[in-house]
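What follows is one structure encoded as structure tokens, with my remarks underneath.
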Amino acid sequence: MNSTPIILLGGTIYGEDGVIQGGYLKIENGLISSMGRKEELSSLEGCEVVHVPAEDSIIPGMIDVHIHGANGADTMDGTKESLDVMAAVLPAEGTTSFLATTITEKKAAIDVA
């Protein structure tokens, strides 16, 4: 994990408490440590700064609560490898968590021993 704090500066940030135009989001040890208006940011020293264009948005990761597969992998494959493929490719689309869902099928096709 990167030990250098990262600051995303600019863009439109959608957070739990509302929308911030042209603000900042600070990431430390892989977690969001703070966010707010650019004027509230005390220092950029020691941080990697990523300038986000004004027309871009920073949004929370999406949770897919009903997904059958991704990138050629299918939950009906019934393998850890298929779930690993899904978990590897979904973040590129903004999905940070998912509930793997089977299709309507006979019980024998869904049960994996």
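The values are calculated or read from the model by the stated rules, or taken from the named source; none is laboratory data. Everything numeric here is computed off the predicted structure, so don't read it as measured data. Counting neighbours? That spans all protein chains shown, and the Cβs are built from the backbone with ideal geometry, glycine included. Note: accessible area is taken over every heavy atom of the protein model, side chains too, but ligands, DNA and RNA are not part of it. Shrake-Rupley method; radii C 1.70, N 1.55, O 1.52, S 1.80 Å.
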Worksheet item: So, of the residues in segment 30-54 that are touching a residue at least 40 places away in the same chain (Cβ under 8 Å) and open to solvent by 70 Å² or more (accessible area, probe 1.4 Å), which turns out to be farthest from residue 3 (Cα to Cα)?
Response: 54
Item to complete: Collect the residues in segment 97-109 that are in contact (Cβ under 8 Å) with a residue 24 or more places away in the chain and either surrounded by 13 or more Cβ atoms within 10 Å (Cβ to Cβ) or not small (Gly, Ala, Ser) (or both), keeping them in residue-number order.
Response: 98, 99, 100, 101, 102, 103, 105
Worksheet item: Going by the conditions given, is residue 82 open to solvent by 60 Å² or more (accessible area, probe 1.4 Å) and either aliphatic (A, V, I, L, M) or farther than 23 Å from residue 4 by Cβ (or both)?
Response: no
Worksheet item: Quick check: is even one residue across segment 10-29 open to solvent by 50 Å² or more (accessible area, probe 1.4 Å), more than 17 Å from the chain's Cα centre (by Cα) and of a type in the set (Ser, Thr, Tyr)?
Response: no
Worksheet item: What do you reckon, is residue 94 out of contact with any Asp or Glu (no Cβ under 6 Å at 6 or more places or on another chain) and surrounded by 12 or more Cβ atoms within 10 Å (Cβ to Cβ)?
Response: no
Item to complete: Report the residue count in segment 55-77 for those that are open to solvent by less than 70 Å² (accessible area, probe 1.4 Å) and touching a helix residue (DSSP H, G or I) at 6+ places or on another chain (Cβ under 8 Å).
Response: 10
